[in-house]
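S.K.: One structure follows; several queries about it will come next.
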Amino acid sequence: MVMALLRRWRAHREARVLARRAIPEALWRLTLARLPFLAARPAGDLAELRRLASLFLDQKEFSGAGGLVVDDAIALCIAAQAVLPVLRFGLAPYAGFVGIVVHPDEVVARRETMDDDGIVHEWDEVLAGEAMAGGPVMLSWRDVAESGESADWGYNVVIHEFAHVLDMGDGEADGVPPLASAAEREAWVAVMAPAYERFCAEVDSGAETLLDPYGATGVDEFFAVASESFFVTPKAMRAEHPALYGLLARYYRQDPAVFGGP
């Protein structure tokens, strides 16, 4: 009885949110026109993406940096891509943060690290996006706005950063998102680890790779760039990395290679 009441309360609350955050048809069509890899999805997927995007927009706080004003079109363009990885299991994995900061373009972040001898090294890193534990998620609007075109070469900054959010769901950025059991984690590593090692060897050899070479900087980045390709160049990903593609298909509960696109 209590559970039934709770489900009804949640359904009622969600219905109110969806009514309050209803996405205008013209704005939704504009977003799909910008993002052909989303527009290729079947009607059922698009309806669920639209529903989740409304809920996402209600839960998150967008802020512009560097003079950028985040309007409805910018927020929805980000939201529609952010909810794609969680299309089959909802927004719960994103509950650990609220803020999304959008810059007009890439930003330069000052980094430092201490080596084993206690010497501190500093350098500048150019970022198109960054996901921090507990938030916020930072994104470059220029990179987001070009997501439709950059999909052709497997690049998507929103999917990349939200893959990091999923990865950090268990408190660690280690290329292994939270899984249901130790056995599932072992099976994940059995595919991910050798795929990462092969990829690093290819990058080191100077070979041209489907996945962004940046993925060789760490297994966490490898998971993120593999997730990008999985969603925006799925057929090429399946052809070049069949075992890794299968692993991600089971995790995301999606098979985007069956739809249009590369």
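The numbers here are math on the coordinates, done by the rules we state, and not lab data. All values reported here derive from a predicted model rather than from experimental measurement. In this analysis, Cβ positions are derived from the backbone assuming ideal geometry, glycine residues included, and neighbour counts consider all displayed protein chains.
S.K.: Cut-off 15 Å, label point 7 angstrom out along Cα-to-Cβ of Tyr214: give me the residues of the range 76-108 whose amide nitrogen falls inside.
M.R.: 103, 105-108
S.K.: Let me ask another. Which entry in (1) 20.6; (2) 16.4; (3) 13.9 is this structure's computed mean projected area of the Cα convex hull in nm²?
M.R.: (2)
S.K.: Would you be so kind as to identify all helices of the chain, as entire DSSP H runs, whose Cα atoms reach 18 Å or more along the helix's own axis and whose mean Kyte-Doolittle hydropathy is at least 0.0?
M.R.: 43-59, 182-205, 219-232
S.K.: For the range 198-234, which GluC sites (Glu not before Pro) pass both filters: DSSP loop (anything but H, G, I, E, B) and at most 12 other C-beta atoms within 10 Å?
M.R.: Those satisfying the criteria are Glu208.
S.K.: Taking R0 as 41 Å, what FRET efficiency do you get between Met132 and Glu25 from their Cβ-Cβ distance, rounded to the nearest 0.05?
M.R.: 0.75
S.K.: Enumerate by residue number the chymotrypsin sites (Phe, Trp or Tyr not before Pro) in the range 121-176 meeting two conditions: DSSP loop (anything except H, G, I, E, B), and at most 16 other Cβ atoms within 10 Å of the site's Cβ.
M.R.: The qualifying sites: there are none.
S.K.: Normalised by the residues of the range 222-262, what does the relative contact order come to in percent, with Cα pairs under 8 Å and at least six apart?
M.R.: Averaging sequence separation for qualifying contacts and normalising by length gives 47 percent for the range 222-262.
S.K.: Just the C-alpha atoms of the range 192-262: what Rg/Rh do they give, with Rh taken as the Kirkwood radius?
M.R.: With Rh from the inverse mean 1/r over Cα pairs, Rg/Rh is 0.95.
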